[in-house]
Structure formats: C-alpha cells, structure tokens
1. Whole angstrom only: what separates the Cα centroid of the stretch 84-110 from the Cα centroid of the stretch 28-70?
2. Considering only the other residues whose Cβ falls under 14 Å of the Cβ of Glu59, what net charge follows from Lys and Arg at +1 and Asp and Glu at -1?
3. Taking a probe of 1.4 angstrom, what is the accessible area of Phe65 in Å², to the nearest 10?
4. Can you tell me the length gained on complete extension of the stretch Ser70 to Val37, counting 0.36 nm per residue apart and subtracting the Cα distance?
5. Using a basic spin-label model with each label point 7 Å from the Cα along Cα→Cβ, how many nm lie between Tyr27 and Arg101?
6. Mind checking which aspartates and glutamates have their C-alpha under 17 Å from Lys47, skipping anything on the same chain fewer than 8 residues away?
Amino acid sequence: MKTPFIMACLLLATSWIHGQKVFKVKYESQADLKVYVVEYESQCDLKVFFVEYESQADEDGLWYFVEYDSQADKKVYFVEYESQADLKIYIVNFESQAGWREADKQHLLL
C-alpha cells in the first residue's frame, strides 16, 4: 500500500521542478522554442543561468545543455532578431538571479 503512495508523491514532486534541460538545434524547424538573448535585463522574459550539472537545473531559469536532443526537455533555436523569438532571455552571472521577469510566458517551458 505504501509503494503506490510513495510513487505518486515522487511523480508529483518532479512535476514542480522548473529547471530545464535544453538542446540547441541547428535549424529553426527543429525547435520547440525560439529564443533571443537580450542585452539588458529589463528587456527579458526570463533570466537564465547556465548550470554545470544536470542535477542543478531544478528551478526556473536554470538551464543545463544536454548532449543529445532526446535528453532535452526543450529544443531551442537562438534567433537573430528579437521579433522572431518566442522567449527573450537575459544571461545572469549568478544562479540566485535566475527566474521569471514576465510570468505570462511560463507556459512555454512547461
């Protein structure tokens, strides 16, 4: 009886994790999400910090680049112009700075 309850709790807990394992694709048509890196924090939807280890990608804005597209939560394509982007990101220097600036775009990473 305890096993199904424990499994349900673990499944529910992992659904709350909002970090992302991402894979950078070569072509726009392969992407789940088109991303543009802005110059200023005030222009972004999401502040992103790139973590070194997959296990660190456990909060909003913490991205880990995977080696293969099959390992990714999202496949991203970095566009040249802001108007082409689904999501505008700003790269931060510290993990604690990562997170949403404009929460209305959260659905893009679910």
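1. 8
2. Working: positive: Lys21, Lys47; negative: Glu54, Asp58, Asp60, Asp73, Glu95.
Net charge in that neighbourhood comes out at -3.
3. So the heavy atoms of Phe65 present about 80 Å² to solvent.
4. Values: separation 33, 0.36 × 33 = 11.88 nm, distance 2.39 nm.
Taking 0.36 nm per residue and subtracting the Cα distance, the gain is 9.5 nm.
5. 3.3
6. Within reach: Glu39, Asp58, Glu59, Asp60, Glu82, Asp86, Glu95, Glu102, Asp104.
The values are calculated or read from the model by the stated rules, or taken from the named source; none is laboratory data. Here the structure is a predicted model, which means the values were calculated and not measured. Here the Cβ is made from the backbone with ideal geometry for all residues, glycine too, and neighbour counts use every protein chain on show. The protein model used for the area step is the full one, side chains on, heavy atoms only, and it has no ligands, DNA or RNA in it. Shrake-Rupley method; radii C 1.70, N 1.55, O 1.52, S 1.80 Å.
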